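One structure is given here, and the rest of the page talks about it.
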Amino acid sequence: EPEVTQTPSHQVTQMGQEVILRCVPISNHLYFYWYRQILGQKVEFLVSFYNNEISEKSEIFDDQFSVERPDGSNFTLKIRSTKLEDSAMYFCASFLGGATNEKLFFGSGTQLSVL
Amino acid sequence: ELKVEQNPLFLSMQEGKNYTIYCNYSTTSDRLYWYRQDPGKSLESLFVLLSNGAVKQEGRLMASLDTKARLSTLHITAAVHDLSATYFCAVPKGERDDKIIFGKGTRLHILP
């Protein structure tokens, strides 16, 4: 089965530092997402990306966050100046789109710890 | 604003019993997804429900969708310990897939 890959699996950073989380979505998919989950609780939507631009973002996704698809395969989430409350598991997901039997595929996640 | 509510949020049950998890959502959607998550792991797709009245079954799990009532159910038949996990429903906002909102999850603990 195709898969979404994420790197790194763990990232530890100091408060105020920039981090980049990387994802390689499934190649023919059209929609890409970032979600986060704090301590195994709710899966929170951050942002979706379609047709090379952000299509939706949540209140969490403020000016400190940005996404890019720099080379047609990677999809990155950057946090410019990390805060303690950014500590979470970040999941990348990709989706073919449309009213099909396709599902949202999730990567294995990056556990971000901000100290 | 799309809200997705699951209940119960926590369920402890004996092996062999049946139970149902409910997922209500607040705005019109003709699709709904169910996911399973084991502790420390990613989300695994269980079901994609695409239309009103859709019913899908996989082993001891059966999911259904009633778009008129904005309700989906995940029914567990004769539970076994291996089904212990957290189950999430997720609903796309609107007709496009720009925003797929998850419920808070139901943590299912099945006692041997």
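The values are calculated or read from the model by the stated rules, or taken from the named source; none is laboratory data. Computed from a prediction, not measured in an experiment: that's the story for all the values here. For neighbour counting, all protein chains shown are included, and Cβ atoms are generated from backbone atoms with ideal geometry for every residue, glycine included. Only protein heavy atoms, including side chains, enter the accessible area calculation; ligands, DNA and RNA are left aside. Shrake-Rupley method; radii C 1.70, N 1.55, O 1.52, S 1.80 Å.
Listing for the model above:
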quantity: Relative packing of B:35-42, B:14-21, which averages over residues the other C-beta atoms within 10 Å, highest first; calculated: B:35-42, B:14-21
quantity: Counting all C-alpha pairs of chain A, share separated by more than 17 Å (%); calculated: 51
quantity: Interface burial for B against A (accessible surface, 1.4 Å probe, total of both chains, Å², rounded to 100); calculated: 2100
quantity: For the protein assembly as shown: accessible area per residue (Å², 1.4 Å); calculated: 49
quantity: Other-chain or far-sequence residues with amide H under 5 Å of B:D98's (modelled H); calculated: none
quantity: Residue-count net charge about A:R80 - beta-carbon cut-off 14 Å; Lys, Arg +1, Asp, Glu -1; calculated: -3
quantity: Shielding by partners - mean other protein chain Cβ count within 10 Å, residues of A:47-60; calculated: 2
quantity: Check: chain A dipole with +1 on Lys, Arg Cβ and -1 on Asp, Glu Cβ, in debye; calculated: 160
quantity: Fraction of beta bridges assigned by DSSP in the protein assembly as shown that are antiparallel (%, nearest 5); calculated: 90
quantity: Highest-first arrangement of A:85-93, A:8-16, where packing means the average Cβ count within 10 Å; calculated: A:85-93, A:8-16
quantity: Efficiency of FRET from Cβ geometry, B:L50 and A:I38, R₀ 41 Å, rounded to 0.05; calculated: 0.85
quantity: Proximal lysines relative to B:K56, as straight alpha-carbon distance under 17 Å, when same-chain residues fewer than 8 apart are discounted; calculated: A:K103
quantity: For the range B:4-111: span of alpha carbons on each principal axis (Å, largest first); calculated: 40, 29, 20
quantity: The protein assembly as shown, accessible surface, carbon-and-sulfur percent (1.4 angstrom probe); calculated: 48
